[in-house]
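Dropping the structure in here first, questions after.
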Amino acid sequence: MTTELSVLNRDKPVSQDDTIRMLLERSKRSARAVPIRRAFIQDIEPGPGQVTKPGPFAKLLRSPAQLDLFLLIHAVTARADWGVTERSETWGRAAGISFGTDGSASAAVSRHLNKLKVLKLISTAPDGRKTRITKQLEDGSGDPYTKPSGNETGSRKDIYIKLPFEYWERNYYRTLSMPAKAMLLIVMSLRDRSVVLRQNKEFASWYGISTATVSRGMAELKDQGLLYEYLSEAYLTGDTPLGRDTRTRYALSAPFDINVKKAVRDAAEAMWTPEGVLATALRYKPSLDSFRGAVPR
């Protein structure tokens, strides 16, 4: 994203990058990141069973413009009434829906806003000759929006991820395909230092996507340097004759590595305290003793 106006001719509209930059600056978010509830990506069915279900985001994956419009609305609505009023042309340019200035942007933007309304992610109301957009709870319940508490032991409606402004400023909104955007949001929502990503139907069904979306998204994120193989680990399983197997854990690169949960951060920091180093040494001492005894003298 450029930092200077790309168009100086007053007879021409500003660019998509210019429009997004204006909206992000107007949000006044000091953390330079957009909070999105985890329930937008994956939620829990009502009841005692704690059964997971895909969040509304899966229904936006057929339209990059609708997903980016949703993310931009959340970026801009940072005030207590959680609403924003802008021209249709502004939303059209920012989300790549329409670059028209002859009134045609209004109908195009309205179609995309209607999709978000059907999913109960926003509500709209006339505001003079413009439209007032108010965001609703990200789980698609239609409940009024509230600021997520961030309670680590709470529900998915308490827990949120942070989408950094670099998503737009480094042009990832433009260069990443929908499968890559889907996997980026999914991995961020897991909020761990490293994660296991299974490319099978069960994993894909948890998020309402296909196995092809998982595979293509992972491959693209790796090609872009945003996802890398963190380590290979052994684990117990009943699916092999030996009762064990190995798997790869993946991690996100900067700037999308900011969503690690507090418990994981604390555990990582504790490993480097004197007590943590001693505990690690004692844990591995039996293995080292066995290895030492096996070495010929």
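Take peptides 253-259, 181-187, 135-141 and line them up by average Cβ neighbours within 10 Å, highest first, as a rough protection proxy.
On the way: 253-259: 16.0, 181-187: 24.3, 135-141: 19.9.
My ranking of the peptides, most packed first, is 181-187, 135-141, 253-259.
Relative to the compact globular guide of 2.2 N^0.38 Å, what is the alpha carbon radius of gyration of segment 193-260, as a ratio? Display every interim value, and only then the final one.
On the way: Rg = 13.5 Å, N = 68, 2.2 N^0.38 = 10.9 Å.
Against the compact-globule rule of thumb, the ratio is 1.23.
Also: Highest mean first, what order results for 54-65, 165-176 on Cβ atoms within 10 Å?
On the way: 54-65: 19.2, 165-176: 17.8.
Those peptides, ordered most packed to least, come out 54-65, 165-176.
Here is a further query. Using packing as a proxy for protection, rank 236-248, 109-121, 189-201 so that the peptide with the highest average count of other Cβ atoms within 10 Å comes first.
Numbers: 236-248: 9.1, 109-121: 18.4, 189-201: 16.1.
Descending mean neighbour count gives 109-121, 189-201, 236-248.
Here's a follow-up. Straight-line reach only, C-alpha to C-alpha below 27 angstrom: list the lysines that Lys162 could link to, leaving out same-chain residues fewer than 8 apart.
The qualifying lysines are Lys28, Lys53, Lys59, Lys115, Lys117, Lys120, Lys135, Lys147, Lys181, Lys222, Lys261, Lys262.
Throughout, read-outs are computed from the coordinates displayed, never taken from laboratory work. Values in this document were obtained by computation on a predicted structure and should not be read as measured data. Please note: Cβ atoms are built from the backbone with ideal geometry, for glycine as well, and neighbour counts cover all protein chains shown.
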